[in-house]
1. Residue check: is residue 127 more than 22 Å from residue 48 (Cα to Cα) and modelled with pLDDT under 95?
2. Residue check: is residue 78 modelled with pLDDT under 90 and either over 27 Å from residue 156 (Cα atoms) or assigned to a loop (DSSP other than H, G, I, E, B) (or both)?
3. Being under 22 Å from the mean Cα position of the chain (by Cα) and either crowded, with 18+ Cβ neighbours inside 10 Å or more than 17 Å from residue 110 (Cα to Cα) (or both) is the filter here, so list the residues in region 51-63 that pass it.
4. Quick check on residue 114: is it within 26 Å of residue 62 (Cα to Cα) and surrounded by 17 or more Cβ atoms within 10 Å (Cβ to Cβ)?
5. Please go through region 87-113 and pick out each residue that is over 15 Å from residue 141 (Cα atoms) and out of contact with any strand residue (DSSP E or B) (no Cβ under 7 Å at 6 or more places or on another chain).
6. Show the residue pairs meeting these rules: Cβ distance below 6 Å; 6+ apart or different chains; first residue within region 57-68 and on the phi > 0 side of the Ramachandran plot and in contact (Cβ under 8 Å) with a residue 40 or more places away in the chain; second residue in a loop (DSSP other than H, G, I, E, B) and buried (at least 16 other Cβ atoms within 10 Å of the Cβ).
7. Strands (runs of 3 or more DSSP E) wholly in region 103-173 with at least 3 residues that are more than 18 Å from residue 72 (Cα to Cα) - which ones?
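The values are calculated or read from the model by the stated rules, or taken from the named source; none is laboratory data. It should be emphasised that the depicted structure is a prediction, and the values quoted were computed from it without experimental measurement. When we count neighbours, we look across all protein chains shown, and the Cβ atoms used for this are built from the backbone with ideal geometry, even at glycine.
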């Protein structure tokens, strides 16, 4: 009788523990462990968008924009605007669509740099002979159908760190971001 009482206690104990043990073992590829993989560290992929050299329609139907490169520092012979900053430059182009009938002007106004902390930098109006040439226009310049305008846009940026992307956001169009490699 004592053996049966001992077995009954063991059976009762196992029955009490069974719900808690149900998820502890693996039952193969579709078992609980496969359904609940261990957490892995999250890795930020960074911004996505067109690659340098890839032309993108600006969404206005009038302009296609391209970023060819980003340089930081851009003008080692130019004095920085302030301590802790350097000059950066974006090699950019805007092309007027061949079929557009409306007047189209371009300037560096729609261009900016986007930083990891959510801030942005607008083009600088500073001028120095050490800046890359030719310069992208800072004042509106007319663009004829099927023609392109390419030049360097200058930015005043912090010396430490780099922006995430170059943005083109024309009035009436959707912003386009080229990730900076």
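1. So residue 127 fits the description; yes.
2. no
3. Of everything in region 51-63, those that are under 22 Å from the mean Cα position of the chain (by Cα) and either crowded, with 18+ Cβ neighbours inside 10 Å or more than 17 Å from residue 110 (Cα to Cα) (or both) turn out to be 51, 52, 53, 54, 58, 63.
4. Yes.
5. 98, 99, 100, 101
6. That search, which allows pairs on different chains as well, returns 59/173.
7. Here the list reads 104-106, 141-143, 148-158.
Yes or no, residue by residue, for (1) at pLDDT 95 or above; (2) closer than 18 Å to residue 68 by Cβ; (3) exposed (fewer than 13 other Cβ atoms within 10 Å of the Cβ):
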{"residue": "144", "(1), (2), (3)": "no, no, yes"}
{"residue": "149", "(1), (2), (3)": "yes, yes, no"}
{"residue": "152", "(1), (2), (3)": "yes, yes, no"}
{"residue": "155", "(1), (2), (3)": "yes, yes, no"}
{"residue": "165", "(1), (2), (3)": "yes, yes, no"}
{"residue": "168", "(1), (2), (3)": "yes, yes, no"}
{"residue": "173", "(1), (2), (3)": "no, no, no"}
{"residue": "178", "(1), (2), (3)": "yes, yes, no"}
